[in-house]
Amino acid sequence: MPDQAPPFDPSHRLRRMRRSPGLRNLLRETEVRVEGLIYPLFVRSGQGVNEPIGAMPGQSRLSVDLLADQAKEIRAAGLQSVLLFGIADEKDALGGGSADPDGIVQRAIREIKSAAPELVVMTDVCLCAYMEHGHCGILRDGAVDNDATLPLLAAMAVSHAQAGADVVAPSAMMDGQIAALRQGLDQAGLTDTGIMAYAAKYASAFYGPFREAAGSAPQFGDRRSYQMDPGNLREAVREILSDVEQGADIVMVKPALAYMDVIRAAREVTDLPVAAYNVSGEYSMVKAAAAQGWIDERALVLETLTSFRRAGADLIITYHAKEAARWLTGS
Ligand code: PBG
């Protein structure tokens, strides 16, 4: 047994500055900004339809006519951005309805913009919900044809922008999709429409509840030939840098919780804003545990959101946004 205690300089006492709420508030390094939260919305056909999503308690698929009230509710909570997902009634082999000026998302954009013009409207740009096979692009010989898919994604983005979207967010994980969208938008005179790139999007089991909500599960196979392998970080950096080069305005990492190192890497390799997508499965896990009384939901959600920010995210896309905004503003 050594007769001396291990070295400890008694003048260095880290607990000194943790003693009171005042000191802790004073010294907190990272905070969640309500304005930096983005609320995802699922839109569907019909009139007066508010259809709850089973695996995502508190989230619904809403028909377009309910979006004006929803937009006002979102503003009242202090939020200022939404990300729209369309649930298509008609699916085919070419994602036919995706660029329809009167399609579900295009109508939703106009409805929200007329009810709450100051709300930033972002839209998911992907074909999986419009394809009968549920894959994110056109199929040729049973595989997704990257280059044949690009013009469809660009046309979809242009139609969203023409309907009034501020930012389009391509999530199909096709190579070159950011360049294709930027070129399509610019050629249509839509030089002010921003692009939020799903830059590092992994082939993840955390998307399960979303696919049920959007009816977008692949009918055969999986998405591993276009979404990333969960084991890869260096490849994520290549994806991010490639999207930056192609003209992205914001780069996103998805999912968030199990991919904090990727968020940190994104923060370090680019000066662009970084978004983290706190996906459906992450939300469902929290809701399920909270329903059992096994966790303190409010504390857990705020801790998680703070941690995304600490990892390097500027923006957080989260189904918790409305509740979190209320908790953060005390309203
Ligand atoms: C469309 C898309 C998906 C998500 C966002 N856009 C599903 C997928 O890639 O299978 C997942 C979002 C979530 O789980 O919350 N491609």
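The values are calculated or read from the model by the stated rules, or taken from the named source; none is laboratory data. Keep in mind that this is a model prediction, so the values were computed, not measured. Cβ sites come from the backbone with ideal geometry, for glycine too, and all protein chains shown count toward neighbours. Surface areas here come from the heavy atoms of the whole protein model, side chains and all, with no ligands, DNA or RNA. Shrake-Rupley method; radii C 1.70, N 1.55, O 1.52, S 1.80 Å.
Observations, loosely collected:
- Members of the stretch 252-270 that are charged (D, E, K, R), closer than 16 Å to M196 by Cα and over 15 Å from the mean Cα position of the chain (by Cα): R267
- Note on the stretch 116-126: residues that are out of contact with any Ser or Thr (no Cβ under 6 Å at 6 or more places or on another chain) and open to solvent by less than 30 Å² (accessible area, probe 1.4 Å) total 6.
- All positions within the stretch 34-51 that are open to solvent by 30 Å² or more (accessible area, probe 1.4 Å) and within 16 Å of the ligand (Cβ to nearest atom): R44
- Listed conditions (1) under 20 Å from the mean Cα position of the chain (by Cα); (2) surrounded by fewer than 20 Cβ atoms within 10 Å (Cβ to Cβ); (3) closer than 27 Å to A217 by Cβ are all met by E31, apart from (3).
- Once the stretch 183-206 is narrowed to residues that are in a helix (DSSP H, G or I) and either within 17 Å of N146 (Cα to Cα) or in contact with a strand residue (DSSP E or B) (Cβ under 6 Å, 6 or more places away or on another chain) (or both), the residue that is least open to solvent (accessible area, probe 1.4 Å) is G184.
- Filter pass, T149 being open to solvent by less than 10 Å² (accessible area, probe 1.4 Å), under 18 Å from I317 (Cβ atoms) and within 15 Å of the ligand (Cβ to nearest atom): no
Listed here are the residues, each with its yes/no results for (1) of a type in the set (D, E, K, R); (2) within 25 Å of N25 (Cβ to Cβ).
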| residue | (1), (2) |
| --- | --- |
| D261 | yes, no |
| A291 | no, no |
| I295 | no, yes |
| R298 | yes, yes |
| H320 | no, yes |
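- Within the stretch 61-89, if we keep just the residues that are closer than 13 Å to A214 by Cα and open to solvent by 20 Å² or more (accessible area, probe 1.4 Å), the residue that is modelled with the lowest pLDDT turns out to be D89.
- A single entry from G142, G134 fulfils the requirement of being surrounded by fewer than 22 Cβ atoms within 10 Å (Cβ to Cβ), more than 22 Å from I109 (Cα to Cα) and within 16 Å of the ligand (Cβ to nearest atom): G134.
- Any chance A169 is in contact with a Leu (Cβ under 9 Å, 6 or more places away or on another chain), open to solvent by less than 50 Å² (accessible area, probe 1.4 Å) and at pLDDT 95 or above: yes
- Of all residues in the stretch 94-115 being farther than 15 Å from S45 by Cα and not hydrophobic (A, V, I, L, M, F, W, C), the one that is surrounded by the most Cβ atoms within 10 Å (Cβ to Cβ): G95
- When restricted to residues that are away from the ligand (no atom under 13 Å from the Cβ) and closer than 30 Å to E51 by Cα, the stretch 171-220 contains 2.
- Index of the failed condition, L127 passing every other in (1) away from the ligand (no atom under 11 Å from the Cβ); (2) touching a residue at least 12 places away in the same chain (Cβ under 8 Å): (1)
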